[in-house]
Amino acid sequence: MRYHDHHFHPFGYAAAATGLDVYDAADIADLQRRLAGRAQQVDGAVIAERLNDETLAERRLPTAADLDEAVVDRPALVYRYCGHIAVANTKAMELAGVGAGTPDPDGGSFDRLPDGTPNGVLRETAIDAVARAVARLVPPQTDAEVLAALGALPTMGIGSVTAIVSPEEPLWVGVDDEIGALVRLAPDLPVAMDVLVATRSPAALSRAAERLAAAEGPVRFAGWKDFSDGSFGGHTAAMHEPYHDRPDTRGTVRLDRRLAVELGRLSYGLGGIVAIHAIGDRANDLVLDVMEELIGLGVDPAATRIEHASILTPAAIERIARLGVTASVQPAFIASEADWLPRRLGPERMERVYPFRSLLEAGVQLVGGSDAPVEHPDPERAIRTAVERVGFNPAESLTRKQAEALFAPPGH
Ligand SMILES: [Zn+2]
């Protein structure tokens, strides 16, 4: 069997492969050195991908002031590896017109200095305005770079992916029209792609489905993707109870229920599925409300999917099973979160996180993905992690066979 990665970001993956990947930066000084080095090599803005503040010696996010020490004369933007947080330097915030008077956007926030000035840390939708302003100053990835990056997938046994692509706003800075790029690249793609379109515009969704239908190659419209919350790493996954290490927050809800029902019905009418990102237990309950409403309106339960379903109450597991919603999980998160997730969640909730076996035993359809570039796309790593679950509730381990089945192509 060739593997299928059920949650993959082709352009984000290519951006991390061809750009500046800072996942293994040792400390903030090391990050600064790499940013300054990159500034020597590229014109325009300096972008870095996959920052992991949990493995920096300081164990904190850098701020605009930290980035300014490395890049002061032009914009710099550093994405956290989850993609739900980014840090901008002062120049990038100026370019986007972000200042003390800028309010937090819906579904996002700026970390601020005591006087109210944003300190450079952008959470969730607060990334968008800065990324949009900076994107104009980033040389676009070439088709050859994208194809070269994707060429690594078949060597890992991957024959096809469910690709998450944005028709207007780039999810990662680099390509402005990802649908257009995919249609252009279709005849040369090394893997087949079922495309989930991430947008909040009904017109953009319909148009993307139409454009993908015209692609000459193994590319097809597979549905609509949205976000309901953020990440554990960024303290933005929406939880019922506050974070263990930040009692002042329960995360960020990004879901617009009315719009989600509208876009979900539209996607189903276009022949696609409805896939919504939910990591926190509160977000998962909110997404299940949407799925239940959609199913009541005639959407096939098999066409509803929660992306991540990371932490669930026992009642939510039962509800997912009863409704017939698919859970799309990323076992590789376990390995990279083992060191710090217990601090975020505390001991009681660690028992309930990534409940793969409970989901299977409840009768839930499970599929597996990497979320690359968040995690390495090699399915073998994910399969091993789902079986071993080092540092996580071992009662939720899968057998090798169950773990392999997560990466079966759709319909198998
Ligand atoms: Zn993703």
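Read-outs: derived from the displayed coordinates by stated rules, not from any lab. Here the structure is a predicted model, which is why all the values come from computation and not from measurement. All Cβ positions, glycine included, derive from the backbone under ideal geometry; neighbour counts span all protein chains shown.
Structural remarks
- Over the chain: helical MRE at 222 nm, DSSP H runs n ≥ 4 each giving -39500 (n - 2.57), nearest 500: -10500 deg cm²/dmol
- Antiparallel beta bridges, as assigned by DSSP with both residues in region 15-135, represent about 60 percent of the total such bridges.
- Computed lengthening from D115 to D24, 0.36 nm per intervening residue step minus Cα-Cα distance: 29.5 nm
- Here the chain is treated as a sphere whose radius is the Kirkwood value from Cα pairs; by Stokes-Einstein at 25 °C and 0.890 mPa s it diffuses with a coefficient of 115 µm²/s.
- Sorted largest first, the spans of the alpha carbon positions of region 15-135 along the three principal axes are 33, 30, 24 Å.
- Largest first, the three principal axis extents of the alpha carbons in region 102-148 are 46, 19, 15 Å in whole numbers.
- Under 16 Å from the R2 label point (7 Å along Cα→beta-carbon), backbone N, region 383-412: 407-412
- Modelled label positions at E380 and S397, each set 7 Å beyond Cα in the direction of Cβ, lie 2.1 nm from each other.
- Extension gain, R207 to D289, is 26.8 nm, computed as 0.36 nm per intervening residue step minus the present C-alpha separation.
- If R0 equals 35 Å, the separation of the Cβ atoms of A36 and R136 corresponds to a calculated FRET efficiency of about 0.95.
- Environment charge of P342, counting only residues whose C-beta is closer than 13 Å and scoring Lys/Arg +1, Asp/Glu -1: -2
- Using C-alpha pairs under 8 Å with a sequence gap of at least 6, the mean separation divided by the residue count of region 277-322 gives a relative contact order of 58 percent.
- Cα centroids of region 394-412 and region 14-79: 36 Å apart.
- Cut-off 20 Å (backbone N to label point 7 Å along Cα→Cβ of D176), residues of region 39-53: 43-48
- Unit charges at the beta carbon, dipole of the chain: most positive-side option, I273, G97, W224: I273
- Surrounding net charge for G217, when Lys and Arg each add one and Asp and Glu each subtract one, Cβ distance under 14 Å: -1
- Bridges between two residues of region 210-344, per DSSP, are antiparallel at a rate of about 5%.
- Charging the Cβ of each Asp and Glu at -1 and of each Lys and Arg at +1, and nothing else, the dipole of the chain about its Cα centre rounds to 560 debye.
- Modelled label positions at M156 and R246, each set 7 Å beyond Cα in the direction of Cβ, lie 2.8 nm from each other.
- Segment E216-T313, length gained on full extension (0.36 nm per residue, minus Cα span): 30.5 nm
- Over region 268-405, Cα pairs under 8 Å with separation of 6+ residues give a relative contact order of 22 percent.
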